[in-house]
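Trainee: What follows is a structure written as structure tokens; I'll ask about it next.
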Amino acid sequence: MDIKELEQISKEQSRLQIIKSFRDLITRFEEQGKRQDIFTNNETLQSANPLKHSFGDGCYIREIFMPAGELIVSKIHKKLHPFFVLKGHLSILTEDGMQTIKAPYSGITKPGTKRILYMHEDTVFITVHVTDKTELREIEEDVIAKDFSDPLITKEDMRLLTNKDIQI
């Protein structure tokens with residue numbers, strides 16, 4: 001092993017430490033926000049943030065409207081998938097830092113992503129997921145992790161660390 005390989009391993013381990021720290025922080029932030037009623041409850045959230053579900057050949061398309069001034073903590077995404085901002089202006093905090101986005105915009109969500117989003121303007125956000133399923137509960141089980149220990153999330157962490165694909 002040469003010095004370049006050691007430097008690369010060190011960078012990858014540092015990246016994993018940053019990811020773990022962010023995951024711990026966002027989890028604590030969400031728990032504290034729920035305790036202090038900073039976040040809207042599910043019933044109010046569903047009426048303020050209407051969802052539109054569409055299906056194509058082998059894909060599920062989820063569109064959400066989020067009003068200006070809203071602060072949301074997303075769920076944990078299990079799989080790589082595209083997202084699109086069709087309307088609006090928002091700030092997104094992830095393990096990669098703060099990003100301000102204005103529509104139109106497209107990006108890719110990586111496995112293990114959990115975001116804090118703040119809407120500066122009314123925003124329309126779309127995600128697209130590869131699946132043949134059409135039942136929303138089944139789709140959510142496929143694409144959303146309950147926590148960061150999900151095997152698909154830890155597989156991505158291992159890939160980052162080893163720079164190799166891991167079979168589960």
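Trainee: Of all the residues that make up segment 65-102, how many are crowded, with 16+ Cβ neighbours inside 10 Å and either touching a Lys or Arg at 6+ places or on another chain (Cβ under 8 Å) or not acidic (Asp, Glu) (or both)?
Mentor: The first filter runs over segment 65-102 and keeps only residues crowded, with 16+ Cβ neighbours inside 10 Å, leaving 65-66, 70, 72-74, 76-79, 81, 83-85, 88-90, 92-95, 101.
Restricting the remaining residues to those that are either touching a Lys or Arg at 6+ places or on another chain (Cβ under 8 Å) or not acidic (Asp, Glu) (or both) gives 65-66, 72-74, 76-79, 81, 83-85, 88-90, 92-95, 101.
Of the residues in that region, 21 qualify.
Trainee: Another one. Filtering segment 96-122 down to residues that are at pLDDT 95 or above and of a type in the set (Gly, Ala, Ser), which residue is nearest to the chain's Cα centre (by Cα)?
Mentor: 107
Trainee: Working carefully through the options 55, 125, find the one that is in a strand (DSSP E or B) and within 13 Å of the chain's Cα centre (by Cα). Full working, then the answer.
Mentor: Details: 55 fails: within 13 Å of the chain's Cα centre (by Cα).
That would be 125, the only listed residue that is in a strand (DSSP E or B) and within 13 Å of the chain's Cα centre (by Cα).
Trainee: Six or more apart or on different chains, Cβ atoms under 9 Å: show the pairs whose first residue is in segment 120-142 and within 27 Å of residue 103 (Cβ to Cβ) and whose second is part of a loop (DSSP other than H, G, I, E, B) and among the acidic types (Asp, Glu).
Mentor: Correct list of pairs: 123/70.
Trainee: Across segment 67-83, what is the number of residues that are touching an Asp or Glu at 6+ places or on another chain (Cβ under 7 Å) and in a loop (DSSP other than H, G, I, E, B)?
Mentor: The number of residues fulfilling the criteria is 3.
Trainee: Given the condition charged (D, E, K, R), at pLDDT 90 or above and touching a helix residue (DSSP H, G or I) at 6+ places or on another chain (Cβ under 8 Å), answer yes or no: does some residue in segment 54-74 qualify?
Mentor: Yes: segment 54-74 contains one or more residues that are charged (D, E, K, R), at pLDDT 90 or above and touching a helix residue (DSSP H, G or I) at 6+ places or on another chain (Cβ under 8 Å).
Trainee: Something else now. For residue 37, work out the one condition from (1) under 12 Å from the mean Cα position of the chain (by Cα); (2) assigned to a loop (DSSP other than H, G, I, E, B) it doesn't fulfil.
Mentor: Unmet condition: (1).
Trainee: Quick one: in segment 128-168, of everything that is at pLDDT below 65 and not in a helix (DSSP H, G or I), which residue is surrounded by the most Cβ atoms within 10 Å (Cβ to Cβ)?
Mentor: 166
The values are calculated or read from the model by the stated rules, or taken from the named source; none is laboratory data. All values derive from a computational prediction rather than experimental measurement. Note: ideal-geometry Cβ built from the backbone for every residue, glycine included; neighbour counts use all protein chains shown.
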